Amino acid sequence: MGETPEVADPVQGRQHAHTKGHRGEFWARMYLRLKGYGILYKRYKTAVGEIDLVVKRGRQLIFVEVKSHASEEASLDHVTPSQKKRIVKAARWFISANPPLKDHQQRFDVITVDFSGKLWPKISHIKNAFQEE
């Protein structure tokens, strides 16, 4: 009699991705703090979507999407047009809820976190990764 092949548990896969995402956000926050950014919010939730990180540096307000994949290219490929629209809508919501920040210069960044290394993750910061359309 043959053995039954193992089937991947979709719940376990989502939990792993969720944990990896939180680890990626942690490392992104540490990176940004070291670069002089102030962390205003992590996982900022609105009625129209979520922003991974909202950070500030001087008069710049930055909305950051964090991706944890095997490479920078793969991470950028996973920031889909629909995600960009969702992030932009959530950013507009954020600005409407925080009027004192509306005069700040705004941009949308992506931070990629690659955990394939032995010791430390490789972090890439793509400034102005996409624009509001």
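Would you tally the net charge around residue 39, using a Cβ to Cβ cut-off of less than 14 Å, leaving residue 39 out, and scoring K and R as +1, D and E as -1? So the environment of residue 39 carries a net charge of +4. Give me the base-10 log of I(q)/I(0) for the range 10-130 at each q in 0.09, 0.12, 0.22 Å⁻¹, Debye formula, one uniform scatterer per Cα, rounded to two decimals. Here the Debye-derived log intensity ratios amount to -0.24, -0.42, -1.36. For residue 59 and residue 23, a Förster radius of 25 Å and the Cβ-Cβ distance give a FRET efficiency of 0.20, rounded to the nearest 0.05. The protection proxy used here, the mean number of other Cβ atoms lying within 10 Å of each residue, ranks peptides 84-92, 108-116 as follows, highest first: 108-116, 84-92. For the range 10-130, the share of DSSP beta bridges that are antiparallel, to the nearest 5, is 70%.
First select every other residue whose beta carbon is under 9 angstrom from the beta carbon of residue 87; then total the charges, Lys and Arg +1, Asp and Glu -1. Residues near residue 87 contribute +1 overall.
Separation of the alpha carbons by more than 26 angstrom is noted, of 56/122; 85/118; 56/84; 42/85; 89/127, for 85/118.
FRET efficiency for the pair residue 95 and residue 35, taken as 1/(1 + (r/R0)^6) with r the Cβ-Cβ distance and R0 = 25 Å, rounds to 0.60.
Read-outs throughout are calculated quantities, based only on the coordinates presented, and are distinct from any laboratory measurement. As the structure is a computational prediction, the values presented were derived from the model and not from experiment. Glycine also receives a Cβ, built like all others from the backbone with ideal geometry; neighbour counts cover every protein chain displayed.
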